[in-house]
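The values are calculated or read from the model by the stated rules, or taken from the named source; none is laboratory data. Treat the numbers as computed from the prediction; the structure is a model and nothing was measured. Please note: Cβ atoms are built from the backbone with ideal geometry, for glycine as well, and neighbour counts cover all protein chains shown.
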Amino acid sequence: MTNQILENNLVNFLTNNFARSPLQINCLHQSDAEIIKTCGGNLIAVTTDSIAEEIETGLYTDPYLIGWMAVTVNLSDLAAVGAEPLGILISEIIPPAFEKDKLDRMQKGISDTCKNSNTFVLGGDTNSGEKLILTGTALGTFPGGKFLTRTGCRPGDLLYASGKLGKGNAYAISQLLNAGEGGIDYLPAARLNESNVIRKFAGACMDTSDGVISTLDQLMRLNGTGFKLDEDWISSIDKGSLELAEKNGIPPWMLLAGQHGEFELLFTIPPEKEIDFLNKARQTGWQPVKLGKVIQDVSIKMKLYARLRTINSATIRNISFNLKEGIQAYLRSLLKIDREMR
């Protein structure tokens, strides 16, 4: 089922001639970070991600946020597989005209998110180039040898999120459409502490870096199961994000459909483990957000406009891959889907 998604097809094409390491535990698309078994039998997690398109489109303009996100996007991948970070390598391509004070702010963003996540910059590389691009490569280990992947959903399992959802897309609306006064306070942190609890109980886990519906769609395709959101799914959305969407005529469900995420974790819990899971979460001062359940039918269902709807998640995911006209055209395409459902 993964080949119905254009992004998955591109990844398949790019990796088609690569030999898979015999030490690699996960399969292609199966986890947020690569899980490697060392010669000594230990497991390590490795992931890499860049901040480039976000700068190019104007989504990230604040140098501090750019630095912060270069670390966060990678540490969030480690959290999604249940790894504890060893540290991160940072590659920076810096334009010659990039002002020194902006560079200082960017480096502070990198430093602060490392401190916030109790990890370190281990090294990296610097180059000069026409456009600003930051790339991180994070390394992690697995306490007790237990790890998480995107597979392991079973019908009847409960769907949870590590926190309130929708803030990533609300920020994108605020930033790219100049909507709302003061915008959205967007500075997500990787859910590493929560991951320590999730790792002990969850069947499958993935971060919401590409938005909630895209995350559910990928989990659906990898597991051959579907998801039904609870009737009060709107209570899982961040309050400030809902207010901004309402002011700008954006239907609340689109805060889940857009493809800029809040870097929360979506994960499934077997029902027989739910009480123990919730008790452990409360002991750490964390309140997970109940979102729905895993179903046998391979689809994503949610109540919209007084009816239980099957969400065309493939179309939603492929819109951003097809469109070259920018954020306005992307938003119009989502609003067209909304009108059709009404």
Q. From 203, 261, which residue is in contact with a Ser or Thr (Cβ under 7 Å, 6 or more places away or on another chain), buried (at least 22 other Cβ atoms within 10 Å of the Cβ) and part of a loop (DSSP other than H, G, I, E, B)?
A. 261
Q | Among (1) part of a strand (DSSP E or B); (2) touching a helix residue (DSSP H, G or I) at 6+ places or on another chain (Cβ under 7 Å); (3) within 23 Å of residue 16 (Cβ to Cβ) - the single one residue 28 does not satisfy | A | (1)
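Suppose we filter the stretch 22-38 for residues that are surrounded by fewer than 12 Cβ atoms within 10 Å (Cβ to Cβ) and either closer than 19 Å to residue 150 by Cβ or without any contact (Cβ under 8 Å) to a residue 12 or more places away in the chain (or both); how many remain? Don't jump to the end; show me each part of the working.
So in the stretch 22-38, the residues surrounded by fewer than 12 Cβ atoms within 10 Å (Cβ to Cβ) come out as 22, 38.
Filter once more, keeping what is either closer than 19 Å to residue 150 by Cβ or without any contact (Cβ under 8 Å) to a residue 12 or more places away in the chain (or both): 22.
Residues that pass the stated criteria total 1.
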Q. Assuming residue 98 fulfils every condition listed in (1) under 28 Å from residue 151 (Cβ atoms); (2) not in a helix (DSSP H, G or I) apart from one, which condition is it?
A. (1)
Q) Does residue 137 satisfy the criteria of being outside the structural domain of residue 200 (by TED's automatic domain parsing), of a type outside the set (A, V, I, L, M), in contact (Cβ under 8 Å) with a residue 60 or more places away in the chain and assigned to a strand (DSSP E or B)? A) yes
Q. Out of (1) out of contact with any Pro (no Cβ under 8 Å at 6 or more places or on another chain); (2) among the charged types (D, E, K, R); (3) within 30 Å of residue 326 (Cβ to Cβ), the odd one out for residue 105 is which?
A. (1)
Q. What number of residues in the stretch 67-84 are more than 17 Å from the chain's Cα centre (by Cα) and closer than 20 Å to residue 206 by Cα?
A. 1
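Quick check on residue 45: is it exposed (fewer than 12 other Cβ atoms within 10 Å of the Cβ), modelled with pLDDT of 95 or more and of a type outside the set (S, T, N, Q)? Before the answer, list the steps.
Details: exposed (fewer than 12 other Cβ atoms within 10 Å of the Cβ): no; modelled with pLDDT of 95 or more: yes; of a type outside the set (S, T, N, Q): yes.
So residue 45 fails the test.
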Q. Inside the stretch 97-155, can you point out the residues that are among the hydroxyl-bearing types (Ser, Thr, Tyr) and either within 20 Å of residue 47 (Cα to Cα) or crowded, with 20+ Cβ neighbours inside 10 Å (or both)?
A. 111, 113, 117, 119, 126, 135, 137, 141, 149, 151
Q | residue 97 touching a residue at least 12 places away in the same chain (Cβ under 8 Å) and not assigned by TED's automatic domain parsing to the domain that holds residue 265 | A | no
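Residues to consider are 284, 268; find the one that is of a type in the set (Ser, Thr, Tyr) and either buried (at least 17 other Cβ atoms within 10 Å of the Cβ) or under 20 Å from the mean Cα position of the chain (by Cα) (or both). First the steps, then the outcome.
On the way: 284 fails: either buried (at least 17 other Cβ atoms within 10 Å of the Cβ) or under 20 Å from the mean Cα position of the chain (by Cα) (or both).
Result: 268 is the single residue among 284, 268 that is of a type in the set (Ser, Thr, Tyr) and either buried (at least 17 other Cβ atoms within 10 Å of the Cβ) or under 20 Å from the mean Cα position of the chain (by Cα) (or both).
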Q: Check whether at least one residue in the stretch 179-195 is touching a residue at least 40 places away in the same chain (Cβ under 8 Å), assigned to a helix (DSSP H, G or I) and out of contact with any helix residue (DSSP H, G or I) (no Cβ under 8 Å at 6 or more places or on another chain), and report yes or no.
A: yes
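Could you list, in sequence order, the residues of the stretch 114-134 that are at negative phi, in a strand (DSSP E or B) and over 20 Å from the mean Cα position of the chain (by Cα)?
121, 122, 125, 126, 127, 128
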(Q) What's the total number of residues in the stretch 305-332 that are of a type in the set (D, E, K, R), modelled with pLDDT of 95 or more and loosely packed, with under 12 Cβ neighbours inside 10 Å? (A) 1
Q: Test each condition in (1) on the phi < 0 side of the Ramachandran plot; (2) assigned to a helix (DSSP H, G or I) for residue 144 and report the one that comes out false.
A: (1)
Q. Any idea which of (1) touching a residue at least 40 places away in the same chain (Cβ under 8 Å); (2) touching an Asp or Glu at 6+ places or on another chain (Cβ under 8 Å); (3) not small (Gly, Ala, Ser) is the one residue 147 doesn't satisfy?
A. (2)
Q) From the residues in the stretch 209-229 that are in a helix (DSSP H, G or I) and not aliphatic (A, V, I, L, M), which one is farthest from residue 167 (Cα to Cα)? A) 223
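Restricting attention to the stretch 206-240, and to residues there that are of a type in the set (Val, Ile, Thr) and buried (at least 21 other Cβ atoms within 10 Å of the Cβ), which single residue is farthest from residue 315 (Cα to Cα)? Spell out the reasoning first.
Let us first name the residues in the stretch 206-240 that are of a type in the set (Val, Ile, Thr), namely 208, 212-213, 215, 225, 234, 237.
Add one more test, that the residue is buried (at least 21 other Cβ atoms within 10 Å of the Cβ), and what stays is 208, 212-213, 215, 225, 237.
Numbers: 208: 18, 212: 14, 213: 11, 215: 14, 225: 18, 237: 22 Å.
Of everything passing the filter in the stretch 206-240, 237 is farthest from residue 315 (Cα to Cα).
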